[in-house]
Amino acid sequence: MDAAHMGADLEKVLITEEEIHARLDELATEIWAEYEGKDLLLVGVLKGAVMVMADLSRALPGTAPVDWMAVSSYGSGTKSSGVVRILKDLDTDITGKHVLIVEDIVDSGLTLSWIKANLESRSPASVEICTLLRKPEAAKVEIDVKWVGFDIANEFVVGYGLDYAENYRNLREVGTLAPHVYA
Ligand code: 5GP
């Protein structure tokens, strides 16, 4: 679906599909310059990173394996606590590999810093992060994110993999929801 199918549920489009694709193409070029010839593994975090992974991985000018993790973050309501449980672990042994975590959004950073530390404990050659979106004002922990698509304001966004109550992941754009949706 695109913004036109959202009707009154959409407040505003923050980032268009064209802007997302153009930025992911740029990031793919930078990422390939870093990893070409290295034993790279792309790691996506389900479910939000599915769209970013699909487009970023296809924008790379060479082959790279992909693996997935699913985690649940214990927290109150919509706020993450940084206490994480692995629901689905990697199928791959990452010993000696260059791991690139591909994420949809870094909000407080708590979930991602836990995942990064967890992967670093498995003796990879390196662990870096690429995220489509980051909310600098929401950061609770300092986390080194090497590639960022867009820095956005501290507001709740949906689309391009990001959901509200499992809806709107299939929206092509990134946008905000009208207040009545939360009511
Ligand atoms: P963090 O641990 O960085 O606070 O939160 C990470 C997770 O919270 C993200 O992977 C994402 O699933 C969810 N999240 C954070 N901000 C947003 C947002 O603006 N919209 C949506 N749909 N999910 C978000």
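The values are calculated or read from the model by the stated rules, or taken from the named source; none is laboratory data. Given the structure is predicted, the values throughout are model-derived calculations rather than measurements. With ideal geometry, Cβ positions are generated from the backbone for all residues, glycine too; neighbour counts draw on all protein chains shown. SASA here: full protein model, heavy atoms, side chains in, ligands and nucleic acids out. Shrake-Rupley method; radii C 1.70, N 1.55, O 1.52, S 1.80 Å.
What to note about this one:
- Unique residue being away from the ligand (no atom under 14 Å from the Cβ) and in a helix (DSSP H, G or I) when the list is Leu90, Leu119, Leu112: Leu119
- Candidates Asp55, Asp2, Asp25, Asp9, filtered to the one that is within 16 Å of the ligand (Cβ to nearest atom), touching a helix residue (DSSP H, G or I) at 6+ places or on another chain (Cβ under 9 Å) and not small (Gly, Ala, Ser): Asp9
- Single match in Leu177, Leu171 (criterion: modelled with pLDDT of 95 or more, farther than 23 Å from Ser57 by Cα and crowded, with 20+ Cβ neighbours inside 10 Å): Leu177
For every residue, the table says whether it meets (1) open to solvent by 30 Å² or more (accessible area, probe 1.4 Å); (2) more than 18 Å from Gly161 (Cα to Cα).
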{"residue": "Val43", "(1), (2)": "no, no"}
{"residue": "Ala64", "(1), (2)": "no, yes"}
{"residue": "Thr92", "(1), (2)": "yes, yes"}
{"residue": "Thr95", "(1), (2)": "yes, yes"}
{"residue": "Val102", "(1), (2)": "no, no"}
{"residue": "Trp114", "(1), (2)": "yes, yes"}
{"residue": "Val127", "(1), (2)": "no, yes"}
{"residue": "Thr131", "(1), (2)": "no, no"}
{"residue": "Lys135", "(1), (2)": "no, no"}
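- Unique match (being touching a helix residue (DSSP H, G or I) at 6+ places or on another chain (Cβ under 9 Å), aliphatic (A, V, I, L, M) and in a strand (DSSP E or B)) among Ile143, Ile129: Ile129
- Checking each residue of the range 110-123 against the condition of being more than 12 Å from the chain's Cα centre (by Cα), on the phi > 0 side of the Ramachandran plot and not basic (Lys, Arg) gives at least one match.
- Restricting the range 140-167 to residues that are within 9 Å of the ligand (Cβ to nearest atom) and in contact with an Asp or Glu (Cβ under 8 Å, 6 or more places away or on another chain), the residue that is most open to solvent (accessible area, probe 1.4 Å) is Asn154.
- Taking first residues from the range 90-105 that are closer than 18 Å to Asp151 by Cα and partners that are more than 16 Å from the ligand (Cβ to nearest atom) and open to solvent by 20 Å² or more (accessible area, probe 1.4 Å), the Cβ contacts under 8 Å between residues at least 6 apart in sequence or on separate chains come to Ile101/Glu128; Val102/Ser57.
- Candidates Ser81, Ser108, Ser72, filtered to the one that is at pLDDT below 95, open to solvent by 40 Å² or more (accessible area, probe 1.4 Å) and closer than 30 Å to Thr176 by Cβ: Ser81
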